[in-house]
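Every number in this text was worked out from the coordinates using simple rules, so none of it is lab data. Since this is a predicted model, take the numbers as computed values, not measurements. Cβ placement follows ideal geometry from the backbone for every residue including glycine, while neighbour counts extend to all protein chains displayed.
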There are 2 protein chains.
Amino acid sequence: MAAKTETIELSVDAFDTDYKRQLTWETLGVGILKCAEAHASRRGFGIYNVNGENHTWVLARLVIELNNTPKVYDEYKISTWVESIYRIFSNRCFSITGSDGTPYGYARSTWSLISYSSRKALDLNDLKGMMSEYVSPEIECPITDYSGARLGGNAQQVMTYKVKYSDIDLNGHTNSMKYMEHLRDLFTLDYYSKNRLRRVELQYIRESFYDDVLLFYMQETREKTFDVEIRKTDKSSGTEKEVPVLRSRLCFE
Amino acid sequence: MAAKTETIELSVDAFDTDYKRQLTWETLGVGILKCAEAHASRRGFGIYNVNGENHTWVLARLVIELNNTPKVYDEYKISTWVESIYRIFSNRCFSITGSDGTPYGYARSTWSLISYSSRKALDLNDLKGMMSEYVSPEIECPITDYSGARLGGNAQQVMTYKVKYSDIDLNGHTNSMKYMEHLRDLFTLDYYSKNRLRRVELQYIRESFYDDVLLFYMQETREKTFDVEIRKTDKSSGTEKEVPVLRSRLCFE
């Protein structure tokens, strides 16, 4: 049996930093996804290994919290483990630590395993025989769970964005980390100069595709805490209505 | 003396591909820049090693040509060498090859070494003692040189883009590979379905900064060859005028 945790080692390239010489959250997010993929595939429940090639892990929620942001040329490690399995969802946690073991922060994510063809989620109890030996609730992930963005009637539409070629990944939909980039672009350089992003919550609700127009609604629900809902116009029912694509909470300090 | 060429080994991650499961040109571009940095710094003429910390290499031109585009999970290598040095410019070439040595393509770039404070370019003759032993014109780089985008009066303004937080890198200006992303976004998914991008030329003329509005002018100068000029409005002289930021040629097949 492989170890319960999988660890990958990374370093902050100059090309992956923002103007403050800090690792971008998109690059960190990609590292987190890569680490998850490595953990699952090396233990027999990766993207290609479940029920032939017909199923893939889909990210439903992701929370990342950093007490300190890695800077250019810093080396860091991402470790991941499965925290729990329940029906169609599995929780996976991550630690992000410096080369000397000091934690930068943690992440917690929720995944489901969907069929490529039917897009339906598999009951993970069917897989428990394979995954359950790796479930490790004893490993501490000391960040609060997804809290849920809740926009009131005062939410302002702050941006519209038409999905471009570069947003679309090999699954044919908007890349999960491209949303992170667009969300972070809701704030000015001046705001980043005065505040540090500490925590991002992402809840993926619905896919978006090339040429979709995304509507960004935002509200500051607590001081330096911003709830965002990305919506798109759904025309499938004959009448146009706005439907949610993603909900997010961004916490600065 | 170190070898004349420096080689880095890479693989195409799922997160670095487009909807055709092909390596994005931005990611390839970052690999090219990383390889250049590794070559220079390991031979004593990298960003931090010339005249203290006061100078940095700045990319003036980049041409990338791919006869075949690496696909998801492919392994590939980038090798680089100095082709020539002349006054304030140095030419550096690259080969991009598969793990079995088959070339995907090549790149050629032109750099100058500028002062952090004065922004003036150093005469590279002053450095020749350090760099000249690595100049390797004998290594073949079988792609044509920068040919130069030339827009006529028929060029259409096809996009405006306001520079965002995520465009700005640790040098405080728009990241060189973000331009590549914006240029590639000038074409539709449908166009990419029918055509393959074979060659991109980039000429960096002027920096752009946060909140600058970039104006994209484009013209199909030959069949499947598009010349683009990115301009911005300069107000420094008291009157507003459009000045070039970048010129590019994109060749499809």
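Each 10 Å bin from zero up to the one holding the largest Cα-Cα distance in the protein assembly as shown carries the following percent of pairs: 4, 17, 27, 27, 17, 6, 1, 0.
Ordered by the count of other Cβ atoms within 10 Å of each Cβ, fewest first, B:THR144, B:THR27, B:THR239 give B:THR239, B:THR144, B:THR27.
Send over the semi-axes of region B:6-134's equivalent ellipsoid, whole angstrom and largest first, taken as the square roots of 5 times the C-alpha gyration tensor eigenvalues.
30, 14, 12
Take every pair of alpha-carbon atoms less than 8 Å apart whose residues are at least six positions apart; their mean separation over the length of region A:6-134 yields a relative contact order of 26 percent. When chain B is turned onto chain A, its residue with the beta carbon nearest the axis, and that distance in whole angstrom, is B:GLU181, 5. Distances, shortest first, from the label point of A:VAL158 to those at the same position in the other copies read 3.2 nm; the point lies 7 Å along Cα to C-beta. In the assembly of identical copies, A:SER99 has its label point, taken 7 Å from Cα in the direction of the beta carbon, separated from the corresponding points by 2.7 nm (ascending, one decimal).
Can you figure out the FRET efficiency of B:TYR116 with B:LEU151, using R₀ = 51 Å and their beta-carbon distance, to the nearest 0.05? My answer for the efficiency is 0.95. Within chain A, the proportion of C-alpha pairs whose separation exceeds 27 Å stands at 39%. Relative contact order, whole percent, for region A:156-252 stands at 33, derived from Cα pairs under 8 Å and 6 or more residues apart.
A point 7 Å from Cα along Cα→Cβ stands in for A:ALA38, and the other copies hold the same point at 1.7 nm, listed in rising order. Mean separation of Cα pairs under 8 Å and 6 or more residues apart, divided by the residue count, gives chain A a relative contact order of 17 percent. Here the sum of -39500 (n - 2.57) over DSSP H runs of 4 or more residues, divided by the residues of chain B, equals -4000 deg cm²/dmol at 222 nm, to the nearest 500.
Each of A:ILE32, B:ILE85, B:ILE205 was scored by other Cβ atoms within 10 Å of its Cβ. Arranged with the fewest first, they read B:ILE205, B:ILE85, A:ILE32. Gyration tensor over the Cα atoms of region A:122-175: the corresponding equivalent ellipsoid has semi-axes (square roots of 5 times the eigenvalues, largest first) of 35, 23, 12 Å. Kirkwood's formula applied to the C-alpha pairs of region A:69-138 gives a hydrodynamic radius of 13.9 angstrom.
The convex hull drawn around the Cα atoms of region A:156-252, when projected onto a plane and averaged over every direction, covers 6.6 nm².
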